[in-house]
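The values are calculated or read from the model by the stated rules, or taken from the named source; none is laboratory data. Only a predicted model underlies this, so the values are computations on that prediction, with no experimental measurement involved. Note: ideal-geometry Cβ built from the backbone for every residue, glycine included; neighbour counts use all protein chains shown.
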There are 2 protein chains.
Amino acid sequence: MPTSTVEDYLKHILLEEERVPGARVATGSLAGALGVTPGTVTTMVKTLSDSGLVDYEAYGGVRLTAAGRQLGLHVLRRHRLMELFLVRTLGMDWSEVHEEAERLEHALSDRLVERIDEMLGRPSVDPHGDPIPSAAGEVAGHELATLAALPVGRRARVARVADQDAAFLRLVERLGLLPGTRVRVVARDAAADTLEVELGRGKSAALGLRAAEKIFVAPG
Amino acid sequence: MPTSTVEDYLKHILLEEERVPGARVATGSLAGALGVTPGTVTTMVKTLSDSGLVDYEAYGGVRLTAAGRQLGLHVLRRHRLMELFLVRTLGMDWSEVHEEAERLEHALSDRLVERIDEMLGRPSVDPHGDPIPSAAGEVAGHELATLAALPVGRRARVARVADQDAAFLRLVERLGLLPGTRVRVVARDAAADTLEVELGRGKSAALGLRAAEKIFVAPG
DNA sequence: ATTCTAATTTCGCCGTGCCAAAAAGCGCAA
DNA sequence: TTGCGCTTTTTGGCACGGCGAAATTAGAAT
């Protein structure tokens, strides 16, 4: 079985590949995401390549093999199921579960994951709206628009908040933009870099476009 | 923060001290319990001694310091709370939760442990009847008699099953000797090394004295 | 007392994962 | 096309946790 370090590498490569589809992942960006030095990543990535988990070319970045992708998806599944479990069953705040799941994702047996999945009713997304890969390693891939790109006047529903930073998540919650919330863009001011959205019951919220780009919405 | 290896050492020293009160723990028995070679234990135990977690004398075994005991109790608390949580909340079998908790005990934050403790109603024992140390590191120490020592005819209640082996636990469950069950010793045959106990509803069970020594009972 | 045995410690070694600093490669701009 | 800057790789070291073999010690037996 892979060490938890290997699991972390695969998970981050997977997330990076998902973020920029089709591209090879640079060792440097992995180093940043994992909080280690570039040299460490180069060494580790070569090890992963020897294990057949990634396809690596010097100076050319890295890409998951089918085997590596499978493993990475399993880690992601454990992580996201655990986040949902912590929120739903233990009543934890969605801003604190990421950290927690970061450790637990390496300590869950398949059997336990299966129980949790069953107990939660085989959910398809975690509390942030991120899709939960199935046990077979399939991800339901939604194509979502960001709130920043929503035309003024259009109604939509918050579907996903793509940032795990606790402070940002607390902000989103305070503004009332939790996944599921129905919104309508009232105004966009490109010069001021702000967006104003109307929520239910006459409430409204303002946020920067940079922030709005991290909030994804679905029609409805 | 201590590594999970350190946590395992402290936990096992604690368990061993509890098993044989007052005695120093031999490096050899630790090696057996931890599944490593004696030489490894000697080295590690010196490290623990340098960290002030144990009191160690060459050829004289080891004993926890106050700091080491505190840490060990926290690990044990996490382990046992998790076992109970897995049984009660996730419906897992009591014979499979030990293994699971063995990994999870190193991945639980204080905050999460507190939630679980609260959700379970601040329980004092785990599914095997083993006491759960409090957050402050206190253990309610029952003095229990073993089933093997119970006089013929005496009634009692199973309070604790002191063996984590899955096969043994399944046997105990099959015999109907789960903690809480009321029993009465019908016969003891020292020559044949067996004990016969009567359960409720006219049922009875036979087991060896060696096994009976691992089952503790309380009056009632 | 001496010898024997079993437990314990010492010693040299390996794999993993990390860092810092030096070297090498890549791409762009002058 | 030559040089410069940035990224990546290489190199050499370190800490941890582990192993096996050999040396040592404690303690029991004769």
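When you scan segment A:137-220 for strands (runs of 3 or more DSSP E) that lie fully inside it, which ones turn up with 1 or more residues that are within 25 Å of A:S124 (Cβ to Cβ) and of a type in the set (S, T, N, Q)? Output list is empty.
With A:S124, A:S95, A:S109 as the choices, which residue is away from chain B (no Cβ under 12 Å), away from DNA strand C (no atom under 16 Å from the Cβ), within 30 Å of B:G121 (Cβ to Cβ) and among the hydroxyl-bearing types (S, T, Y)? Can you show your working first?
Working: A:S124 fails: within 30 Å of B:G121 (Cβ to Cβ); A:S109 fails: away from chain B (no Cβ under 12 Å).
Going through A:S124, A:S95, A:S109 in turn, just one is away from chain B (no Cβ under 12 Å), away from DNA strand C (no atom under 16 Å from the Cβ), within 30 Å of B:G121 (Cβ to Cβ) and among the hydroxyl-bearing types (S, T, Y): A:S95.
Of everything in segment A:175-195 that's exposed (fewer than 15 other Cβ atoms within 10 Å of the Cβ) and not aliphatic (A, V, I, L, M), which residue is farthest from A:W94 (Cα to Cα)?
It comes out as A:D189.
Of all the numbered requirements in (1) free of Cβ contacts under 8 Å to residues at least 60 places away in the same chain; (2) under 19 Å from A:A135 (Cβ atoms); (3) within 11 Å of chain B (Cβ to nearest Cβ), A:R103 misses one, and that requirement is (2). Candidates in segment A:50-63 are the residues that are of a type in the set (G, A, S) and within 13 Å of DNA strand C (Cβ to nearest atom); of these, the one that is farthest from the other protein chains (Cβ to nearest Cβ) is A:G60.
Results for (1) surrounded by 21 or more Cβ atoms within 10 Å (Cβ to Cβ); (2) in contact with a Pro (Cβ under 9 Å, 6 or more places away or on another chain); (3) at pLDDT 95 or above, shown as yes or no for each residue.
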| residue | (1), (2), (3) |
| --- | --- |
| B:T42 | no, no, yes |
| B:T47 | no, no, yes |
| B:S51 | no, yes, yes |
| B:T65 | no, no, yes |
| B:L76 | yes, yes, yes |
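Considering segment A:1-118, the qualifying helices (runs of 4 or more DSSP H), each wholly inside and each with 3 or more residues that are within 12 Å of DNA strand D (Cβ to nearest atom), run over A:27-34, A:38-50. Of all the numbered requirements in (1) free of Cβ contacts under 8 Å to residues at least 60 places away in the same chain; (2) surrounded by fewer than 16 Cβ atoms within 10 Å (Cβ to Cβ); (3) in contact with a strand residue (DSSP E or B) (Cβ under 7 Å, 6 or more places away or on another chain), A:T146 misses one, and that requirement is (1).
Number of residues in segment B:149-174 that are hydrophobic (A, V, I, L, M, F, W, C), within 23 Å of B:L15 (Cβ to Cβ) and crowded, with 19+ Cβ neighbours inside 10 Å: the value is 5.
Among the residues of segment B:50-71, how many are small (G, A, S), within 17 Å of B:D8 (Cβ to Cβ) and under 25 Å from the mean Cα position of the chain (by Cα)?
Quick first cut of segment B:50-71, residues small (G, A, S) only: B:51-52, B:58, B:60-61, B:66-68.
Within this subset, residues satisfying the condition of being within 17 Å of B:D8 (Cβ to Cβ) are B:51, B:67-68.
Pick out the ones that are also under 25 Å from the mean Cα position of the chain (by Cα) and you get B:67-68.
The total comes to 2.
Would you be able to say whether some residue in segment B:175-190 is under 23 Å from the mean Cα position of the chain (by Cα) and farther than 14 Å from B:R157 by Cα? Yes, because at least one residue in segment B:175-190 is under 23 Å from the mean Cα position of the chain (by Cα) and farther than 14 Å from B:R157 by Cα.
Apart from one condition, A:G72 fits all of (1) within 11 Å of chain B (Cβ to nearest Cβ); (2) surrounded by 16 or more Cβ atoms within 10 Å (Cβ to Cβ); the exception is (1).
Report, by residue number, each residue of segment A:15-28 that is crowded, with 18+ Cβ neighbours inside 10 Å and more than 14 Å from DNA strand C (Cβ to nearest atom). Listed by number, the residues that qualify are A:E16, A:E17, A:V25.
Every test in (1) part of a loop (DSSP other than H, G, I, E, B); (2) at pLDDT 95 or above; (3) surrounded by 14 or more Cβ atoms within 10 Å (Cβ to Cβ) is passed by A:G121 save one, and that test is (3).
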